[in-house]
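First comes the structure, then the notes that go with it.
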Amino acid sequence: MDLLGGVSRDELRIFSWIAAAVFALVAGLWRPHRLHWTALGSVLLFAALNAGAGIYVLNHFSDSRWSTGGEPPLSVPSFSGTPVVGQFLEPLDSALNGVVGGVNEFLAFKQALPVALDFLAASGWALLAAFPLAIVAASISYAEARRRAADFAKYRATVDLLQEELEEVKRQISEGNSAR
């Protein structure tokens, strides 16, 4: 069952953009304080979808969606219908059908290859863009972690100070009770 059987080349290209944009929007609304990771995730999703589309085109290279209307498929004339010697030429018909079938497959692959390479090139560019995004996202997360650690140390120091003051108040109360 081919789920993408009715999807044209342009629809397949647009689908990867829409899916990445929807992911960025939903994930950005869901976790707005993690926009740097959302951006990286959407770029990686775009790269994966384009790589998948390129592989899909290569797996279905004989599909007419990938042809640009260039060369029509070749056909083989039948020699078996020739009077008198036709029955002797049937093996030649079979061999020619095999050769022409192989040439037609090659032509279909030749027409599908630029389409697949377009998808794979888009995937490669997205991965190239993902590298600096990953560095930026990691840097932002590192800075946030350092800030949280500093805040925690500050709160811990405040709690320790308050515990010391509480112990001093307890001592003063116990000294005041023992003086009576």
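The values are calculated or read from the model by the stated rules, or taken from the named source; none is laboratory data. What you see is a predicted model; the values in this text were computed from it and never measured. Don't worry about glycine lacking a Cβ; one is built from the backbone with ideal geometry, like all the others, and counts go over all protein chains shown. Just the protein is used for accessible areas: all its heavy atoms, side chains included, with ligands, DNA and RNA removed. Shrake-Rupley method; radii C 1.70, N 1.55, O 1.52, S 1.80 Å.
Assorted remarks:
- Between SER62 and VAL100, the modelled labels are 1.6 nm apart [label points 7 Å from Cα along Cα→Cβ].
- Whole-angstrom gap from region 94-162 to region 1-41, using each part's C-alpha centre: 13
- Length released on extending from GLU168 to THR82, taking residue separation times 0.36 nm less the Cα-Cα span: 19.3 nm
- Dividing the C-alpha radius of gyration of region 90-133 by 2.2 N^0.38 Å, with N its residue count, gives 2.04.
- Protection proxy ranking, peptides 169-176, 25-32, average beta carbon neighbours within 10 Å, highest first: 25-32, 169-176
- Multiplying the residue separation of ASP118 and SER178 by 0.36 nm and removing their Cα-Cα distance gives an extension gain of 12.8 nm.
- What the phi angles of region 119-124 give under the Karplus curve with 6.51, -1.76 and 1.60, with θ = phi - 60°, is a coupling list of 5, 5, 5, 4, 5, x Hz, glycine and proline written as x.
- Taking the 1.4 Å solvent-accessible surface of region 1-90 as the whole, the part contributed by carbon and sulfur is 69%.
- Simple label model, 7 Å out from Cα along Cβ direction - GLU144 to ASP93, nm: 7.1
- ALA153-LEU29 FRET efficiency (beta carbon distance; Förster radius 45 Å; 0.05 resolution): 0.85
- Angstrom value of the Kirkwood radius, inverse mean 1/r, which spans all Cα pairs in region 118-176: 15.7
- All Cα pairs of region 2-95, percent lying beyond 19 Å: 62
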